[in-house]
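Only one structure is covered here, and it is reproduced in the block below.
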Amino acid sequence: MSRVSNDAGDSDITKFLDRTDVVSPPLKKPKIDPDLDSEAKAKVKRKVDVKVDVGMRILRKGDWDDPEYKRQRDIFEEQFESSEGYDVDWDKLDFNFPAVRFEWASGLSARHTNLELLNLLLETAIEEENEENGTDIEFVKYVSANVLGVQGFLFYITFWAKDLSSPDPEPKLYQAKVRKFADEIDVSEFRLRPTQE
């Protein structure tokens, strides 16, 4: 004997499975004011728009007994130390070292692509420099960046920029050391590239 009451309308359950008589209303299109849209776009001015060559490269794992690894590690350490992290000739290196060229790095941020992250780091560094020193530095062109895994990541970024507040607003090479950890961005160094000072 069935416990389902026919009075509740459960006797013909197939009625609910037949969806041929249900018609969905058409999807609504959002109202867009073309004048507002163009005004909003005009207000969004990006100070930094980095263009990078994203050629990936597979690096070999080093073996301390391998003389070629030792030779390349010596080159890496000398270049990294003498340039304070900014300039490493990666074309001469085939092994994975503590730092890596920015373009070869992956998984630097859960929220941003590497390019978006680089834009954010450069914008933050330039804005801080302008606020702290009364300059009007404007980004011109990305040159290179190295990434070192620390608590978060430490970026050694070299780029062309011009100081519009100086009597000579010609583009010059700048370098910024920026650390990213979770949602924190800390600019520890912003300078002209030493060979230009």
List the residues, sorted by chain then number, that are 5 or more residues from GLU189 or on another chain and whose placed amide H is less than 5 Å from its amide H. LYS177
Of PHE80, PHE155, how do they rank once you tally other Cβ atoms within 10 Å and put the fewest first? PHE80, PHE155
Read phi for every residue in region 158-171 and hand back ³J(HN,Hα) as whole Hz from Karplus 6.51 cos²θ - 1.76 cosθ + 1.60, θ = phi - 60°, with x for Gly and Pro. 10, 7, 8, 8, 10, 9, 5, 8, 8, x, 10, x, 6, x
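Taking 0.36 nm per residue of separation and subtracting the Cα-Cα distance, what length does fully extending GLU84 through VAL143 add?
Numbers: separation 59, 0.36 × 59 = 21.24 nm, distance 1.61 nm.
Roughly 19.6 nm would be gained on extension.
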Check which residues have an amide H placed less than 5 Å from GLY62's amide H, if you skip close sequence neighbours. ASN96
Estimated vicinal HN-Hα couplings, Hz - region 176-183 in sequence order (Karplus 6.51, -1.76, 1.60; Gly, Pro = x): 9, 10, 10, 9, 10, 9, 6, 9
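What full-extension length gain, to one decimal in nm, is calculated for VAL150 and ASP168 as 0.36 nm per residue of separation minus the Cα-Cα distance?
On the way: separation 18, 0.36 × 18 = 6.48 nm, distance 3.74 nm.
In short, 2.7 nm is gained.
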Paramagnetic reach from ASN96 (point 7 Å along Cα→Cβ, amide N under 14 Å) across region 146-164: 149
Over region 88-146: Kirkwood hydrodynamic radius from C-alpha pairwise inverse distances, Å: 13.5 Å
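Quick note: the coordinates plus some simple rules give every number you see, no bench work behind them. Owing to the predicted nature of the structure, the values given are computational and were not obtained by experimental measurement. No Cβ is skipped: glycine too gets one built from the backbone with ideal geometry, and neighbour counts run over all protein chains shown.
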